[in-house]
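Have a look at the structure below before the remarks.
The values are calculated or read from the model by the stated rules, or taken from the named source; none is laboratory data. All values derive from a computational prediction rather than experimental measurement. Here the Cβ is made from the backbone with ideal geometry for all residues, glycine too, and neighbour counts use every protein chain on show. We work out accessible area using only protein heavy atoms, side chains counted, and drop any ligands, DNA or RNA first. Shrake-Rupley method; radii C 1.70, N 1.55, O 1.52, S 1.80 Å.
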Amino acid sequence: QVQLVESGGGLVQAGGSLRLSCAASGRTFSNFAMGWFRQAPGKEREFVAVISWNGGRTYYADSVKGRFTISRDNAKKTVSLQMNSLKPEDTAVYYCAAAFTTLLVTTPGGMDYWGKGTLVTVSS
């Protein structure tokens, strides 16, 4: 089992920045690829970013590429999402997720564990 707890969400104006963090506990953190997904009201959960087990590879959704950066610290068992130049359309509940794989998983169905989410609201 892996437990994931997100933090760092909040209200920010368009053009601003937020940094989300996800703390993991349980099974060996470095065995997992870690991802961020988001779900806006009335929409399906969508992929945002993913990072490989050792941080060597990352992949981003086109909608956030160049604005968001995913990183991880295996010693601290944390994964972060730095979000810059935020837009109102980034408003969503953001979820941290873990996949027991060496692959870069980009689909919700491919993740094994989920946090409960943290709300990000971007005002115009």
Just 20, 104, 11 to compare: in a GNM of the chain, with alpha carbon springs under 10 Å, which one fluctuates most?
11
Here the alpha-carbon Rg of the chain over 2.2 N^0.38 Å rounds to 0.97
When the accessible area of the chain is split by element with a 1.4 Å probe, what percent falls to carbon and sulfur?
50 percent
Relative to the present Cα-Cα distance, how much length would full extension add between residue 61 and residue 101 at 0.36 nm per residue of separation?
12.5 nm
Which of 74, 16, 93 sits closest to the plus end of the dipole of the chain, meaning its Cα is farthest towards the positive end, when Lys and Arg get +1 and Asp and Glu get -1 on the C-beta?
74
